[in-house]
Amino acid sequence: MLIGIVGKPNVGKSTFFAAATMAPVEIANYPFTTIEPNKGVGYVRSVCPCKELGVQCTPHNSSCENGTRWIPVELLDVAGLVPDAWDGKGLGNKFLDDLRQADALINVIDVSGSTDIEGNSVNLGSHDPVEDITFLQKEIDRWMLEIIKNGLSRIARQANMQGTKPETVLADRLAGLKVTEGQIKEALKVTNLPTDPLAWDDDSLLLFCAKLRELSRPLMVAMNKSDIAPENFVNKVKEFAERSAPTMAETELALKKAAAGGMIDYTPGDESFSIKDGVNLNEAQKKALDFMNDKISMYKGTGVQECLETATFAMLDQITVYPVEDENKYTDHFGRVLPDAFLMPRGSTAKDLAYRVHTDLGDKFIRAVNAKTKRTVGADYILQDGDVIRIVADK
């Protein structure tokens, strides 16, 4: 699972990425600071079964803090997008190609309205942040359109001669974009694209691409710089975007650094923090921390953690499952208790989990055991959030 961090230049994408991952990236107040995509790992929270089962877990691929499991998710920060990127402007083609493997997008915008559509600094409140959302959607739609149109006439004629279905033609054109045939069929049904590919025009294809983008690339809007934004701008974006959250990436990054430096107690996602006993701060530090505390209290956090978890659990509909080798002790073959937490799409089966753990387990699957209930379940058992599962396979 890969979450893409996207947006126009100079809105704080790389700061958001650094705050989410604590990965070292170049951050500066000018467009195109990011040229090559940055990859890193953020973490989302899920309830660990350790307290329910009355055991002390020894996590391997994640961490557990007082019954909260922190599970890794992969993030991708790509170059900023400018208008007409689909046609090669700026770093457009590279930006869009970098997003081929993204499962969901977090669109970081400057909700303070202090950067224009190309990412240049302007006066606070002088740019409408809603434009940052609509232009990004249009660029992705046009990018998909150009991919479909490339060589379409020849393929359409061949498809007509062979009686090929429209969804098969489109699946061929969109191969490599992590688009499923089911998503294509749904977009076709909604947009009523003609059954004859030779009758497809740009207008009808754009409608199809817009719907396919919604289905295949769910999007969360991170309203960055909320701490300096006019309140009406924040409210306007909330009304426009189905999924959005006020974010303060610089604050999140500063708080994580202060926590790592032993100055404060802070857990990502919290609505407040406290200065540790015995820490001596100068007046400038106190003033800065007071300002940050007021802002995260107002917005119920910095928003960075909320964006990651909304993308993972709401948009991509993931659940957490714990594979084990001993259903009585909840251990792997090293004796580690509840060692691994796997994110799986809701609706996944026990056999899907077997393949996720190892191909051989999937190929040689016999049955599974629900470690919480001690009941044997079959290959088609639908996994539930928080399940602890033992896979039994042929040797």
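The values are calculated or read from the model by the stated rules, or taken from the named source; none is laboratory data. Fair warning: this is a prediction, and the values are worked out from it, not measured in the lab. Glycine also receives a Cβ, built like all others from the backbone with ideal geometry; neighbour counts cover every protein chain displayed.
Things to note:
- Only residues that are buried (at least 19 other Cβ atoms within 10 Å of the Cβ), under 18 Å from Y43 (Cβ atoms) and small (G, A, S) were counted across region 258-268, and they come to 0.
- Only one of the listed residues (F135, F95) is aromatic (F, W, Y) and at pLDDT below 90. That residue is F95.
- Residue match in region 152-163 (condition: in the same structural domain as R213 (by TED's automatic domain parsing), touching a residue at least 12 places away in the same chain (Cβ under 8 Å) and closer than 27 Å to G4 by Cβ): yes
- Residue ranges of helices (runs of 4 or more DSSP H) in region 271-371 with at least 2 members surrounded by 14 or more Cβ atoms within 10 Å (Cβ to Cβ) and not assigned by TED's automatic domain parsing to the domain that holds M22: 350-357, 359-363
- Hey, I389 hydrophobic (A, V, I, L, M, F, W, C), modelled with pLDDT of 95 or more, part of a strand (DSSP E or B) and surrounded by fewer than 19 Cβ atoms within 10 Å (Cβ to Cβ) or not: no
- Screening region 173-201 for residues that are closer than 20 Å to R142 by Cβ and of a type in the set (S, T, N, Q) and picking the one that is modelled with the lowest pLDDT gives T191.
- The residue list L145, L170 contains one member that is of a type outside the set (K, R) and either buried (at least 19 other Cβ atoms within 10 Å of the Cβ) or at pLDDT below 90 (or both), which is L170.
- Hey, A175 surrounded by 14 or more Cβ atoms within 10 Å (Cβ to Cβ) and either under 28 Å from the mean Cα position of the chain (by Cα) or over 24 Å from V82 (Cβ atoms) (or both) or not: no
- Hits in region 189-237 (condition: free of Cβ contacts under 8 Å to residues at least 24 places away in the same chain and under 18 Å from K295 (Cα atoms)): E231, N232, N235
- Selected residue (criterion: nearest to R69 (Cα to Cα)) from residues of region 372-386 that are of a type in the set (D, E, K, R) and assigned to a loop (DSSP other than H, G, I, E, B): D385
- Close Cβ contacts (under 9 Å, 6 or more residues apart or on different chains) running from residues in region 64-78 that are aromatic (F, W, Y) to residues that are buried (at least 17 other Cβ atoms within 10 Å of the Cβ) and in a loop (DSSP other than H, G, I, E, B) comprise W70/P59; W70/S62; W70/P268; W70/A341.
- Odd one out for P166 among (1) on the phi > 0 side of the Ramachandran plot; (2) in contact with a helix residue (DSSP H, G or I) (Cβ under 7 Å, 6 or more places away or on another chain): (1)
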